[in-house]
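Student: Questions regarding the structure given below will be posed in turn.
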Amino acid sequence: MMRTAIRMLIGDKTKCLGLIFGVALSTLLVCQQVSIFFGLLARASSVVTDVREADIWVMDPSVTTVDAPFALRETALQRVRGVEGVEWAVPFFRANVQVRTREGTLENAILLGSDDASLVGVPDNFMLGSIEDLTMPDSIAMNPAGFRLLFPGEELDVGRVIELNDRRARIAAIVDASPAFSANLSIFTRYSLATQYTNNGRNQMSFVLAIASNPSAIDDVTSRITETTELKAVTSDQFRLESILYILANTGIPVSFGTVVILGVFIGIAIVGLTFNQFISENIRQYAALKAIGVRNLRLLVMTLTQALFVGTIGYGLGLFAASQFFNWPSKNVDALRGFYLLPEVAIGVAILSIVIVFTSTVLSMRRVLVVDPATVFRG
Amino acid sequence: MTSSLETPTQPPEASASLAVRCSAIEKSFAAGEQRIRVLRGTDFIAESGKMNFLVGPSGCGKTTLISVIGAILRCESGELEVLGEDLRSLKNGRLADFRLNNLGFIFQQFNLLPALNAEENASLPLVAQGVSTSKAERLARVLLERLGLEDQTKKMPNQLSGGQQQRVAIARALVHEPRLLICDEPTASLAAASGHTVMELLRDVALEGDRSVIVVTHDNRIFEFADRISHMADGRITRVEHTHTGDVA
């Protein structure tokens, strides 16, 4: 009877396509929005993600996100280095700056300054140049999206000079950093040079990056740093989470994306539900005939759920394919969309959501099948 | 045509076996705040191996009576025995099983599934019984060939004429070899010649074995196919004719 159910469904091509389209549209919408949402959250903590060498971040107790640091005294570095269990500690600088483009306009940028000696915090995947090039005077590294922002239409290149807060900066390397939340342009340089570019006064250190002598005792070390220095010390994972939670709590992003996702689900239920309801209405006499023949309600229910599963599977597949193509092409070609991926977890979640959509729609329409009077077939 | 008369519940011969025996059947429907009594103490019998016709004016309760006999509607009171089973004692699920295993239906509007071809439509009861699709379709094909549709087995209902569709419906009603066949106005949607052909086929194919056939009809052109005609009026059987015994009243 399952085959009969599928044949009944595909026999009505318009309804079948409508149902598949409804599920596909809903899948595409929810996949796309949820993936962008998670992409934005990943951007919120991208600076922490890119600092792979350190596993402890020390900051002013008032700091709740990596994008809004509060300057520490220079002595904080020595105090952290003095805590038992700290293998090493280095300063780290983060600030928002403006860069003048060739056209004279200003672009926001994130300036990151790494310890002069170790350059801890500079991403390691260099596309042009090398980390050693950052030791040269006025040298900076830049992400490719930032380069294309400043030099639209030009090939990635090193050696160009830009103006950073009225100071000269030479692009010595292009580094493939994770896309950031607050700006498309990320600049990496030495700590000493970064502080000169901003010149914000005596206290300029944003964070102290540290690593525990014994990685398994990292929680003890962070607690000890907090107790000893009265500064906030957290692990990289904790700080990444805090930065994400800050975005969730202080921006309209969750509400905005959540609304679209909920709308996507409702649109799916509305399209699938109405189309399925119409399909059942137009075929109610066929269901009545099956009942008259002796097909039980339970079997009719299974038949209808089979139809739902059929359109759900095809619709979900098409929607998922469309969503994957949406992320596949732009993530390679549009800098603003870099870092947005269709995550497997999202695909699985949306699969469950699609099941909810088609089965909710089916159950809402099923009642008519269950209560239809088989005696209907005797009426001319 | 010769015929004889009897009282509605009295079998014509003491030895004749009964497929259906209804006695004092009551059935009413709600119409607003009132209830309309459609079956008013109806007595009806259908003999095995016979063409039992049920005739009467529109609204007299024929369709309701065959719905009750066909285990589709429940009556409110009276005795109802179909193929030796007391249908009033069966629960809904068992009634569905009873229909599936013992009854075949032919409807005025055919009610073929438009998305299935002729042999798929005809095989439906077997598939519903759990027979494999290939076996069910093979059996359906054999029956369709007997009904003269050997070249039409793969055609969709909308590619068949009314008469051909009704023959597919006959095949669907008989493919699982039911013991009772219930036909509701089987020729009403057909031209006279086509209707006559369908009735001939029905008599030839359906009356095999000990199967009983109940035909509800307005069409007096097909009365010649009846072995027994029960006349119904106002919710009761008023007269019964045995058309081949010479008894008339």
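Student: Grab the helices (runs of 4 or more DSSP H) fully contained in the range B:109-182, keeping just those with 3 or more residues being at negative phi, more than 10 Å from chain A (Cβ to nearest Cβ) and of a type in the set (Gly, Ala, Ser). Before the answer, list the steps.
Tutor: Details: elements: B:118-122, B:124-129, B:133-146, B:162-174.
Once the helices (runs of 4 or more DSSP H) in the range B:109-182 are filtered for at least 3 residues that are at negative phi, more than 10 Å from chain A (Cβ to nearest Cβ) and of a type in the set (Gly, Ala, Ser), what remains is B:133-146, B:162-174.
Student: Hey, any hits in the range A:354-371 for a residue that's within 14 Å of chain B (Cβ to nearest Cβ), assigned to a helix (DSSP H, G or I) and open to solvent by 20 Å² or more (accessible area, probe 1.4 Å)?
Tutor: yes
Student: Going by what's in this entry, would B:ASN52 be described as open to solvent by less than 10 Å² (accessible area, probe 1.4 Å), within 12 Å of chain A (Cβ to nearest Cβ) and not in a loop (DSSP other than H, G, I, E, B)? Write out each step before concluding.
Tutor: Working: open to solvent by less than 10 Å² (accessible area, probe 1.4 Å): yes; within 12 Å of chain A (Cβ to nearest Cβ): no; not in a loop (DSSP other than H, G, I, E, B): yes.
So B:ASN52 does not fit the description; no.
Student: Check A:THR313 against each of (1) within 30 Å of the chain's Cα centre (by Cα); (2) crowded, with 18+ Cβ neighbours inside 10 Å; (3) hydroxyl-bearing (Ser, Thr, Tyr) and name the one condition it does not meet.
Tutor: Status for A:THR313: all satisfied but (2).
Student: Looking at the range B:210-230, which of its residues are in a strand (DSSP E or B) and among the aliphatic types (A, V, I, L, M)?
Tutor: Of the residues in the range B:210-230, the ones in a strand (DSSP E or B) are B:212-217, B:228-230.
Result: B:VAL213, B:ILE214, B:VAL215, B:VAL216, B:ILE229.
Student: Within the range A:95-144, how many residues are surrounded by fewer than 22 Cβ atoms within 10 Å (Cβ to Cβ), outside any loop (DSSP other than H, G, I, E, B) and in contact with a helix residue (DSSP H, G or I) (Cβ under 7 Å, 6 or more places away or on another chain)?
Tutor: Residues that pass the stated criteria total 5.
Student: Please count how many residues of the range A:275-310 are among the β-branched types (Val, Ile, Thr), over 44 Å from the mean Cα position of the chain (by Cα) and open to solvent by 30 Å² or more (accessible area, probe 1.4 Å). I'd like the intermediate steps shown before the answer.
Tutor: As a first pass, look at the range A:275-310 and keep what is among the β-branched types (Val, Ile, Thr): A:275, A:280, A:284, A:293, A:295, A:302, A:304, A:306.
Then drop every residue that is not over 44 Å from the mean Cα position of the chain (by Cα), which leaves A:284, A:293, A:295.
Next, only the ones that are open to solvent by 30 Å² or more (accessible area, probe 1.4 Å) stay: A:284.
So the answer is 1.
Student: Can I ask one more? So A:VAL23 fits all but one of (1) open to solvent by 20 Å² or more (accessible area, probe 1.4 Å); (2) touching a residue at least 24 places away in the same chain (Cβ under 8 Å); what number is the exception?
Tutor: (1)
Student: Further question on the same structure: Do we have A:THR306 as within 14 Å of chain B (Cβ to nearest Cβ), out of contact with any Ser or Thr (no Cβ under 7 Å at 6 or more places or on another chain) and at pLDDT 85 or above here? Before the answer, list the steps.
Tutor: Working: within 14 Å of chain B (Cβ to nearest Cβ): yes; out of contact with any Ser or Thr (no Cβ under 7 Å at 6 or more places or on another chain): yes; at pLDDT 85 or above: yes.
Criteria met by A:THR306.
Student: Across the range A:54-92, which residue is least open to solvent (accessible area, probe 1.4 Å) among those that are of a type outside the set (Gly, Ala, Ser) and part of a helix (DSSP H, G or I)?
Tutor: To start, the set of residues in the range A:54-92 that are of a type outside the set (Gly, Ala, Ser) comprises A:55-61, A:63-67, A:69-70, A:72-75, A:77-81, A:83-84, A:86-88, A:90-92.
Of the ones still in play, those that are also part of a helix (DSSP H, G or I) are A:75, A:77-81.
Values: A:THR75: 79, A:LEU77: 19, A:GLN78: 113, A:ARG79: 101, A:VAL80: 0, A:ARG81: 103 Å².
Per the criteria, the residue is A:VAL80.
Per-residue answers, yes or no, for (1) out of contact with any helix residue (DSSP H, G or I) (no Cβ under 7 Å at 6 or more places or on another chain); (2) within 14 Å of another protein chain (Cβ to nearest Cβ); (3) over 30 Å from A:VAL260 (Cα atoms):
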{"residue": "A:LYS13", "(1), (2), (3)": "yes, yes, no"}
{"residue": "A:GLN32", "(1), (2), (3)": "no, no, no"}
{"residue": "A:SER35", "(1), (2), (3)": "no, no, no"}
{"residue": "A:ALA44", "(1), (2), (3)": "no, no, no"}
{"residue": "A:VAL47", "(1), (2), (3)": "yes, no, no"}
{"residue": "A:ASP50", "(1), (2), (3)": "yes, no, yes"}
{"residue": "A:TRP57", "(1), (2), (3)": "no, no, yes"}
{"residue": "A:SER62", "(1), (2), (3)": "yes, no, yes"}
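Student: Looking at this structure, is A:GLU155 farther than 19 Å from A:TYR197 by Cβ, free of Cβ contacts under 8 Å to residues at least 60 places away in the same chain and not hydroxyl-bearing (Ser, Thr, Tyr)? Talk me through it step by step, then tell me what you get.
Tutor: Details: farther than 19 Å from A:TYR197 by Cβ: yes; free of Cβ contacts under 8 Å to residues at least 60 places away in the same chain: yes; not hydroxyl-bearing (Ser, Thr, Tyr): yes.
Yes; evaluated as a whole, the condition is true for this residue.
Student: Consider only pairs whose beta carbons are under 6 Å apart and that are at least six residues apart or on different chains; among these, list those whose first residue lies in the range A:266-290 and is over 15 Å from A:ILE20 (Cβ atoms) and away from chain B (no Cβ under 11 Å) and whose second residue is among the basic types (Lys, Arg) and surrounded by fewer than 21 Cβ atoms within 10 Å (Cβ to Cβ).
Tutor: A:ILE280/A:ARG368
Student: Scanning the range B:183-204 for residues that are open to solvent by less than 10 Å² (accessible area, probe 1.4 Å) and farther than 17 Å from B:GLU47 by Cα, which turns out nearest to the other protein chains (Cβ to nearest Cβ)? Break it down stepwise before answering.
Tutor: Taking the range B:183-204 first, the residues open to solvent by less than 10 Å² (accessible area, probe 1.4 Å) are B:183-184, B:186-187, B:195, B:198-199, B:202.
Filter once more, so that each one left must be farther than 17 Å from B:GLU47 by Cα: B:184, B:186-187, B:195, B:198-199.
Details: B:ASP184: 5, B:PRO186: 12, B:THR187: 12, B:GLY195: 15, B:VAL198: 16, B:MET199: 18 Å.
If we take residues in the range B:183-204 being open to solvent by less than 10 Å² (accessible area, probe 1.4 Å) and farther than 17 Å from B:GLU47 by Cα, then B:ASP184 is nearest to the other protein chains (Cβ to nearest Cβ).
Student: Grab the strands (runs of 3 or more DSSP E) fully contained in the range A:150-244, keeping just those with 2 or more residues being out of contact with any Ser or Thr (no Cβ under 7 Å at 6 or more places or on another chain) and open to solvent by 50 Å² or more (accessible area, probe 1.4 Å). Spell out the reasoning first.
Tutor: Details: elements: A:161-164, A:167-175, A:185-190, A:207-212, A:232-235.
Fully inside the range A:150-244 and qualifying: A:161-164, A:167-175.
Student: Which one is nearest to the other protein chains (Cβ to nearest Cβ), of the residues in the range A:1-11 that are assigned to a helix (DSSP H, G or I) and surrounded by fewer than 19 Cβ atoms within 10 Å (Cβ to Cβ)? Lay out the reasoning, then the answer.
Tutor: Filtering the range A:1-11 for residues assigned to a helix (DSSP H, G or I) gives A:2-11.
The next check asks that each one be surrounded by fewer than 19 Cβ atoms within 10 Å (Cβ to Cβ); those that pass are A:2-3, A:6-7, A:10-11.
Numbers: A:MET2: 10, A:ARG3: 6, A:ILE6: 9, A:ARG7: 5, A:ILE10: 7, A:GLY11: 2 Å.
Looking at the filtered set, the residue picked out is A:GLY11.
Student: While we're here: Sort out which residues of the range A:179-191 are at pLDDT below 90 and out of contact with any helix residue (DSSP H, G or I) (no Cβ under 9 Å at 6 or more places or on another chain), and write them in order of number. First the steps, then the outcome.
Tutor: As a first pass, look at the range A:179-191 and keep what is at pLDDT below 90: A:179-185.
Residues satisfying the conditions do not exist here.
Student: Identify the single condition in (1) within 18 Å of the chain's Cα centre (by Cα); (2) assigned to a helix (DSSP H, G or I) that A:GLY339 does not satisfy, given that it satisfies every other one.
Tutor: A:GLY339 satisfies all of (1) within 18 Å of the chain's Cα centre (by Cα); (2) assigned to a helix (DSSP H, G or I) except (2).
The values are calculated or read from the model by the stated rules, or taken from the named source; none is laboratory data. Keep in mind that what you see is a predicted model, and the values were worked out from it rather than measured. Here Cβ is always computed from backbone atoms with ideal geometry, including for glycine, and neighbour counts include all displayed protein chains. With ligands, DNA and RNA removed, areas are computed over all heavy atoms of the protein, side chains included. Shrake-Rupley method; radii C 1.70, N 1.55, O 1.52, S 1.80 Å.
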